[in-house]
1. Quick check for me: using +1 on Lys/Arg Cβ and -1 on Asp/Glu Cβ, what's the dipole size of the chain about its Cα centre, in debye to the nearest 20?
2. Count the DSSP beta bridges whose two residues both fall in the stretch 19-120, then state the antiparallel fraction as a percent rounded to the nearest 5.
3. So how far, in whole Å, is the C-alpha centre of the stretch 17-54 from the one of the stretch 308-330?
4. Per the 1.4 Å probe, what fraction of the accessible area of the stretch 16-60, in percent, lies on carbon and sulfur atoms?
5. Sorted by average packing, counted as other Cβ atoms within 10 angstrom per residue and highest first, what order do 74-82, 38-46, 301-309 take?
6. If I build a Gaussian network model for the chain, linking alpha-carbon pairs within less than 10 angstrom, which residue out of Gly23, Gly72, Gly326 has the largest mean-square fluctuation?
7. With each run of n ≥ 4 DSSP H residues scored as -39500 (n - 2.57), what mean residue ellipticity at 222 nm is computed for the chain after dividing by its residue count and rounding to the nearest 500 deg cm²/dmol?
8. Expressed in nm², what is the orientationally averaged projection area of the convex hull enclosing the Cα positions of the chain?
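The values are calculated or read from the model by the stated rules, or taken from the named source; none is laboratory data. Computed from a prediction, not measured in an experiment: that's the story for all the values here. Quick reminder, even Gly has a Cβ in these numbers, built from the backbone with ideal geometry, and neighbours come from all protein chains shown. Quick note on the areas: whole protein, heavy atoms, side chains included, nothing else; ligands and nucleic acids left out. Shrake-Rupley method; radii C 1.70, N 1.55, O 1.52, S 1.80 Å.
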Amino acid sequence: METKIFQTTDEDIKEAAAILRNGGLVAFPTETVYGLGANALDEEAVGKVYAAKGRPSDNPMIVHIARASDIGQLTPMLSATIVTLIENFWPGPLTLVVKRKPIVPDVTTGGLDTVAVRMPDNAAALKLIEEAGCPLAGPSANLSGSPSPTKAQHVIDDLSGRIDGIISGGDCRVGIESTVLDVTGDVPTILRPGIITAENIEAAIGRKVEYDKSLFVRPDAKPQDSSLDAGFGEDFRPRSPGMKYKHYAPKAQMTVIEGQRDKVKSEIERLKGLNEKLGNNVGVILFEEKAFIEAAHDFFADLREMDKQGVDLILAGALSDVDGVGFAVMNRMLKSAGYNIVRV
Ligand code: TXA
Ligand code: MG
């Protein structure tokens, strides 16, 4: 299949929208990462998304809408909390998991009775959804398991020949995916951290939010391990199905070095020297202290850049933030490294 590259002109967006209306797949820019669009209410179109990405079919999709009020088509009930969240954060990088209406097909929600909804903060994305005239399923537009795409070129590298079109909309402002917040229960729960933090959400709704337990669980650990390292036991089911899959992995081996800043720096230098002596090509990811927003913006792009340069081993310095934007980046960093961590 030939993949057509579109620009963000009105004419191109109209043409791309027509493809979506006819059940095709078009990748589009958002403020977080590029998404792979398909009509979210068309089972066949959504099925093609799983195939193009090589994505497990029980991993549900986020449904993207162009007007906040369109959430009413997808869910039967909006609580005061949900309305406050929408007023404060949409359009923007906050995805809300809500009860679904039957109009949303099983294939979109992975068979769950909930649906994840968001209104992206990107003019081309909003225009595309509007023109398509239907909500768009939009998982990140990468091959399943590889780093999320933050530039059009990343989408071309992964999905060229597998989808109908790509809207080339420049660099994504945020760089990591949206915060996913489950608002179906008594306590709003963060299933995936992002740049909208627990603190931001609490300030808006005046209530505590929780993190899903799976965010503190290392999937490779044995069940007998203690506390944070306790593993996903046999019956452990994360509330966000995507959490259990291998994610964001660069082609290179990757190790995260965690600890006090100076020690992290010198351990990275030491490991780099050792590995270079053995003939390995070593890449280092070490963000400025407390530059969490910048780290979010650069992280996935850095992984892809290092793969392009043929790096064999990536050494990454852990960030110190425990529940803000740095925590969201650490969630991706640990997964990228397959929880391969050195503590100094
Ligand atoms: O920023 C983003 O959210 C990007 C852009 C393109 O909008 N999209 C994105 O989609 O990251 P995806 O499919 O790569 O990640 C969606 C995450 C997965 O972890 C999935 O398991 C979770 O959201 N999810 C989707 N529907 C859910 C539901 N009903 N309940 C719980 N988790 C859900
Ligand atoms: Mg993804």
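1. Charge dipole of the chain: 540 debye, to the nearest 20.
2. Antiparallel bridges: around 70 percent, rounded to the nearest 5.
3. 29 Å
4. Here it works out to 45 percent.
5. 38-46, 301-309, 74-82
6. Residue with maximal mean-square fluctuation among Gly23, Gly72, Gly326: Gly72.
7. -9500 deg cm²/dmol
8. That works out to 17.2 nm².
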